[in-house]
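Beneath this line is the structure, given in structure tokens, with notes to follow.
Every read-out reported here was derived from the displayed coordinates using simple, explicitly stated rules and does not represent laboratory data. Quick caveat: nothing in here was measured; it's all calculated off a predicted structure. Neighbour counts are summed over all protein chains in view; Cβ atoms, including those assigned to glycine, are modelled from backbone coordinates with ideal geometry.
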Amino acid sequence: MRHPTAESAMHRTQIYLTDTQYHFLHELAEKKQLSMAEVIRNLIDKCLPQVKDYKTNDLFSLGKDGFTMGKPEGSVDHDKYIYGSETENKEKQ
């Protein structure tokens, strides 16, 4: 059984279960010799995202190793790349 620490403070809560849910939970708790609360916490923990989930998801690996796109100073000199050189742009105004 885990014990609450300062890092993982426990919050007391109350839930409503159907008869089927309650009996399932009760039997599982008896079988594993755990409290019903511990069984619920363990089931919730299984649903929480794990570090491996982030490592295997391509969305979270974007830019991990750094990447470049277009011109390196494009965010600073974007007008130059869109409208031409700075001198040409000033002549147009």
Residue-wise HN-Hα coupling along the stretch 48-55, computed from phi with Karplus coefficients 6.51, -1.76, 1.60 (Hz; x: Gly, Pro): 5, x, 10, 4, 4, 5, 6, 6
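Counting Lys and Arg as +1 and Asp and Glu as -1, what is the net charge of the other residues whose Cβ lies under 12 Å from the Cβ of residue 39?
Details: positive: 31, 32, 41, 46; negative: 27, 30, 38, 45.
Taking every Cβ under 12 Å from that of residue 39, the sum is 0.
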Over 17 Å apart: what share of the alpha carbon pairs of the stretch 14-58 falls there, rounded to a whole percent? 45
Residue exposure sequence - 36, 10 - by fewest surrounding Cβ within 10 Å: 10, 36
Low-density loop cleavage sites - chymotrypsin sites (Phe, Trp or Tyr not before Pro) in the stretch 5-36, where at most 14 other Cβ are within 10 Å (DSSP): 16
